[in-house]
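Single-structure report; data block below.
The values are calculated or read from the model by the stated rules, or taken from the named source; none is laboratory data. Predicted, not measured: the structure shown is a model, and the values here were computed from it. A quick note on method: Cβ atoms are made from the backbone with ideal geometry, for glycine too, and the neighbour counts reach across all protein chains shown. Each accessible area value is taken on the protein alone, full model and side chains, heavy atoms only, with ligands, DNA and RNA left out. Shrake-Rupley method; radii C 1.70, N 1.55, O 1.52, S 1.80 Å.
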Amino acid sequence: MDKIRVMLADDNLSLLRALTESLSRKSEIEVVSAVSDGAAILESVRERTPDVLIMDLIMPRKDGFMVLEELSHLEGAKKPKVIVLTGLGRDEFVIRALRLGASYYMVKPFDMKELVARIKAVIRRFQVAEAPEKELVFPGLTINISQYTVTYMGKPLEMPPREIELLYFLASHPGMVFTREQLLEQV
């Protein structure tokens, strides 16, 4: 798997440095850019095309809401998935950011392990959504991860999405054994 290309944006320079250092130590993440104002976000996104943008809402020149609005006009691969990481925790800010296209909303202070998990989750979520139809067929059992359906002996089974993902993952790796942690990371 390619590294997840991450861009960071926060006007708190010490936090920006700490995030850059911490995320750069993760083997699966590449920090492609770190900027400290909203206008620089848009310039850098066009140049570097990150997979994920982690940004604060309160920044000089353009605030995060303005940035989200402008990012909504980008197309496909040029449009990063956005994780808002901010001190603004009121419901109205969360709702507004999500409506403008943010994938996740985290309030400072935050846990670095949770941030890394959210980066991976947003990539997984969109990889599944953008992936071509994936279906595993066994005698009497069909698992379609694209449509989130499971059919057993010709009858559809009602299963929560997470259970379908787990079943698909396990069926994709026959004969392999996984720890709970490995399963949580994959599903």
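Going by what's in this entry, would residue 67 be described as over 20 Å from residue 114 (Cβ atoms), buried (at least 20 other Cβ atoms within 10 Å of the Cβ) and touching a residue at least 12 places away in the same chain (Cβ under 8 Å)? Judged against the criteria, residue 67 is a match. Pairs are defined by a Cβ separation below 7 Å, a sequence spacing of at least 6 or placement on different chains, a first member in the range 13-30 that is farther than 17 Å from residue 50 by Cα, and a second member that is of a type outside the set (A, V, I, L, M, F, W, C) and crowded, with 16+ Cβ neighbours inside 10 Å; the pairs so defined are 13/36. A single entry from 63, 56 fulfils the requirement of being out of contact with any Asp or Glu (no Cβ under 7 Å at 6 or more places or on another chain) and of a type in the set (Asp, Glu): 63. Take residue 8 and tell me if it is in contact (Cβ under 8 Å) with a residue 40 or more places away in the chain and in a strand (DSSP E or B). For residue 8, the condition - in contact (Cβ under 8 Å) with a residue 40 or more places away in the chain and in a strand (DSSP E or B) - is met. Within the range 30-69, the set of residues being of a type in the set (Val, Ile, Thr) and in a loop (DSSP other than H, G, I, E, B) comprises 49, 58. Within the range 98-111, restricting attention to residues that are modelled with pLDDT of 95 or more and of a type in the set (A, V, I, L, M), the residue that is least open to solvent (accessible area, probe 1.4 Å) is 106. Scan the range 21-47 for residues that are of a type outside the set (A, V, I, L, M, F, W, C) and surrounded by 15 or more Cβ atoms within 10 Å (Cβ to Cβ) and the total you get is 7. Inside the range 42-77, residues that are within 15 Å of the chain's Cα centre (by Cα) and not small (Gly, Ala, Ser) make up a count of 7. With respect to being loosely packed, with under 14 Cβ neighbours inside 10 Å and under 26 Å from residue 124 (Cβ atoms), residue 95 fits the description. Filtering the range 124-147 to residues that are open to solvent by 50 Å² or more (accessible area, probe 1.4 Å) and at pLDDT 85 or above leaves 135, 137, 138, 139.
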